[in-house]
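Every number here is computed from the coordinates shown, using simple stated rules; none is lab data. Keep in mind that what you see is a predicted model, and the values were worked out from it rather than measured. With ideal geometry, Cβ positions are generated from the backbone for all residues, glycine too; neighbour counts draw on all protein chains shown.
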Amino acid sequence: MSKDPAPIVTSGYVPGCIGRIAELHAHYYCAHAGFGVYFESKVARELGAFCENYLPQRDGLWLVMRDGSIEGSLAIDGTHAETQGAHLRWFILSDRLRGTGFGNQLLARALEFARDQDYHRITLWTLRRLEAARHLYLKFGFTLVEEIIGHQWGHEVVEQRYELVNR
C-alpha cells in the first residue's frame, strides 16, 4: 500500500493557485460563515491582482502542497507596508490539513519574511468566530485592535483586525 507524500511548504506563484486558494476559501467560509459568490469572487479578484503585481522583494506567498495539490496558503502583501503596514492575507488550510501544524509553519515563514523586509507592522482581518485562527494569531504576538459589525457578506458578522508590531 503506497503512502500519500508528506505535504511541503513552497513559496511563490504556481499555475492554478488563484483558483485553488479561492476554492478553499469558498468552501470553508460557506460552511462556517454562510458566505457565497460575492466572497469567493472577491477573493479571486484580489488574489489575482496580488499575483499580477507580485514583487518577491515586497510580497510573499506560501503554499502547502500535497501530491501536486494546493492544500493551504498564506500571503504577505507589502504594497502599502510603509503607510498602512504589511497585510497578512489568504490564510487557509484544507480540512485534511487543519490541526497538523501547517498553520504554524505558514505563519512562522510569513513573519520571518516580514522581519527580513523590515516591515514594522503587520495587519490582518478575520472573523470573531474563527477560534483556531485567533489562537494562532495571539500565539504569534498579534493583538486585537478593532472590531466592527460587517454586512458586506450577506449577513451580519463581527470582523476583527489584528496587528503585530515588530520592533
* Roughly how big is the range 8-122's charge dipole about its Cα centre, with Cβ charges of +1 (Lys, Arg) and -1 (Asp, Glu), in debye to the nearest 20? -> 200
* To do: For mean projected area of the Cα convex hull in nm², several values are listed as (1) 10.7; (2) 10.0; (3) 18.5; flag the one computed from this structure.
  => (2)
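About the Cα centre of the range 88-161, how large is the charge dipole given +1 on each Lys and Arg Cβ and -1 on each Asp and Glu Cβ? Please answer in debye to the nearest 20.
Values: 11 positive and 9 negative charges, 42 e Å.
My answer is approximately 200 debye.
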* Asked: If Lys and Arg each add +1 and Asp and Glu each add -1, what is the summed charge of the other residues whose beta carbon sits under 10 Å from the beta carbon of R66?
  -> -2
* **Pairwise FRET efficiency - D67 versus H120, Cβ, R0 = 45 Å, nearest 0.05** => 0.70
* Which order do the peptides 64-73, 125-134 take when ranked by the mean count of other beta-carbon atoms within 10 Å per residue, highest first? => 64-73, 125-134
* Structure fact -> Calc'd 3J(HN,Hα), the range 108-116, phi into Karplus 6.51 cos²θ - 1.76 cosθ + 1.60 (θ = phi - 60°), Hz, glycine/Pro = x, comes to 4, 5, 5, 6, 5, 4, 4, 5, 4
* Asked: Which ³J(HN,Hα) values, rounded to whole Hz and listed in residue order, are derived for the range 153-158 from phi using the Karplus coefficients 6.51, -1.76 and 1.60 in 6.51 cos²θ - 1.76 cosθ + 1.60 with θ = phi - 60°, glycine and proline given as x?
  -> 9, x, 7, 6, 9, 9
* Tally Lys and Arg at +1 and Asp and Glu at -1 over the other residues with C-beta under 12 Å from the C-beta of Q152: what net charge comes out? -> -1
* Work out from phi, with θ = phi - 60° and the Karplus expression 6.51 cos²θ - 1.76 cosθ + 1.60, the ³J(HN,Hα) of each residue of the range 85-97, listed in order in whole Hz, and give x for Gly and Pro. => x, 6, 10, 7, 9, 6, 8, 7, 10, 5, 4, 6, 9
